[in-house]
Amino acid sequence: MKKLTKNVIWLYAVGQLGWPILSGLVASWLVYFYQPDQAGIAEGMPLFVPQGRVVFGILTIVGLATALGRLFDAVTDPLVGNLSDNCKSPLGRRVPFLRRSALPFGLSAVLVFCAPIQKISALNVVWLFVFILIYYFLLTCYYTPYTSLIAELAKSQEEKLALSTSISLTFIVGTAISYAAPVVWSAFIAGGMERVPAMRLTFALFSALAVALMLVPGIFLKEKDYCPEPAGQQTALFSSLAKTFSNKDFKIFVGQDMIYWFALTMFQTGLPFFVTALLKLPETYATPMFVGLTAASLLFYWPVNVLAKKFGKKKVVVAAFCFFAADFLFTGLCGKPLALPEKAQAVIIVLAAAFPMAAFGILPQAMVADIAQAEAAASGQNRAGMFFAARTFAFKLGQSAAMLAFTSLATISRSNGADFGYRLVAICASACCVAGGLILLFFNEKRVTSSLE
């Protein structure tokens, strides 16, 4: 096997610059597009699907569609992970999936926003449900094989941290690019375009960029030069999944990870509404806030690596949970209840999230790689694909629940003419971070790393 160089690390990391653009578009702007608040409607945003809690009196159309999409995505994760583990292509086990899924993945992200009827229609509801399912399935086809490469490319703790740091950087930059969408569509609107075509054109341009970036590791990464061949016959889907979840430390990790993604998805989806409804700032302020968060979090990349080497990954992630809990609680109280200028409050929200964003961006991927490598050393079977698939299966369940919860809680703001629903979202996310940190305390990091040593 060839030595993993910095050039190869960054070649791999470019893929993580691409898919978060698509993920960020859907995560950040799908609810904003299909379930706009009063400010969005006043700006000329039409309604495409029935609004409010119209499903069983507790769920919204958008919430149910995104939750089912995430649930379908989660169910297909183990399937794609197992297919990837057993792939016999001359190109390797992971690269073929990256090549074949990138273009349709990018196309599906655009089509999600292309409901054909310019008013509330059953056809739009069907369109949304169909293309959100396709989008999430294609996300799995790229993301699961891509992340599985971490455990196979990295041969040491230093290489794992280097890989995790690089893809954390490209992930946060890719997500920040998705937050620039309002700036672009506002420029198109200022040039004379209507709001919906301007938004769709913006999403198409961003998707084209994402596809080009995702194809870089798929085309140029020579997987077999750096990844060893599987040690033996791979197990069947359900057997592999059962063995993966029988790992005690993995189950603890998955529990806290699911809660973290529930909290983060609630907060990320709510950020445009926090800006407009709580801080009373224009929607375009979401872009400088996230760009500022990106820049601030970069300052913590080196300290996070140093702290992880000195104290262990677990303690740093627990500390990150504490920072996020405080920041989300502050967000739930922001606006008029705080005797601070709204722009100053926005700066505090950004700065308080910088350290936890860096920690969660770098360390969880490396922790899964540790568990997968320790299990491979003990069992003689390389099931990295299934470990990463099982992890994404679990955290997507958290994201599904978050979308149901957010879209339902957000309607409280409309029903009473206040902003209580959005505040409740942020406070709920804060409580989840406290719970996630408590669960992670039971993770036995020494047992995992000692088996590797």
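The values are calculated or read from the model by the stated rules, or taken from the named source; none is laboratory data. Bear in mind that the values here come from a model prediction, so they are computed numbers and not experimental data. Please note: Cβ atoms are built from the backbone with ideal geometry, for glycine as well, and neighbour counts cover all protein chains shown. Ligands, DNA and RNA are stripped out before the accessible areas are found, and what is left, the full protein with its side chains, is counted by its heavy atoms. Shrake-Rupley method; radii C 1.70, N 1.55, O 1.52, S 1.80 Å.
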- Inside region 72-102, can you point out the residues that are open to solvent by less than 10 Å² (accessible area, probe 1.4 Å) and basic (K, R)? R94
- Message: Against the condition in contact with a helix residue (DSSP H, G or I) (Cβ under 7 Å, 6 or more places away or on another chain) and more than 19 Å from L441 (Cα to Cα), how does A358 come out, does it pass?
- Response: yes
- Item | Test set (1) in a helix (DSSP H, G or I); (2) open to solvent by 50 Å² or more (accessible area, probe 1.4 Å) - K119 fails condition number | (1)
- Message: Would you confirm whether or not region 140-159 contains a residue that is open to solvent by 10 Å² or more (accessible area, probe 1.4 Å), within 19 Å of N7 (Cβ to Cβ), at pLDDT below 85 and β-branched (V, I, T)?
- Response: no
- Note on the structure: The condition of being in contact with a helix residue (DSSP H, G or I) (Cβ under 6 Å, 6 or more places away or on another chain), of a type in the set (A, V, I, L, M, F, W, C) and under 11 Å from M357 (Cβ atoms) holds, among A286, A325, A296, A308, only for A296
- Would you check which residues across region 326-367 are under 18 Å from I439 (Cα atoms) and open to solvent by less than 10 Å² (accessible area, probe 1.4 Å) and list them? P356, A359, L363, P364, M367
- Query: On the given criteria, is K155 in a helix (DSSP H, G or I), of a type in the set (K, R) and within 30 Å of P90 (Cβ to Cβ)?
  - Reply: no
- Item | Subset of region 1-41 (residues that are more than 12 Å from S166 (Cβ to Cβ), of a type in the set (A, V, I, L, M) and in contact with a helix residue (DSSP H, G or I) (Cβ under 9 Å, 6 or more places away or on another chain)) | M1, I21, L22, L25, V26, A27, L30, V31, A39
- Item | Yes/no for K315 being closer than 24 Å to F262 by Cβ and open to solvent by 60 Å² or more (accessible area, probe 1.4 Å) | yes
- Message: What pairs come out if I take residues in region 108-124 that are touching a residue at least 40 places away in the same chain (Cβ under 8 Å) and pair them with residues that are surrounded by fewer than 14 Cβ atoms within 10 Å (Cβ to Cβ) and part of a helix (DSSP H, G or I) whose C-beta lies under 8 Å away, six or more apart or interchain?
- Response: A115/L123; I117/L123
- Query: Do we have V347 as free of Cβ contacts under 8 Å to residues at least 12 places away in the same chain, over 20 Å from the mean Cα position of the chain (by Cα) and over 28 Å from T66 (Cα atoms) here?
  - Reply: no
- Query: Which members of region 230-271 meet the condition of being among the hydrophobic types (A, V, I, L, M, F, W, C), more than 17 Å from D77 (Cβ to Cβ), at pLDDT below 85 and touching a helix residue (DSSP H, G or I) at 6+ places or on another chain (Cβ under 7 Å)?
  - Reply: L271
- Task: Could you check, for region 166-187, whether at least one of its residues is open to solvent by 20 Å² or more (accessible area, probe 1.4 Å), more than 25 Å from I9 (Cβ to Cβ), of a type in the set (V, I, T) and free of Cβ contacts under 8 Å to residues at least 12 places away in the same chain?
- Result: no
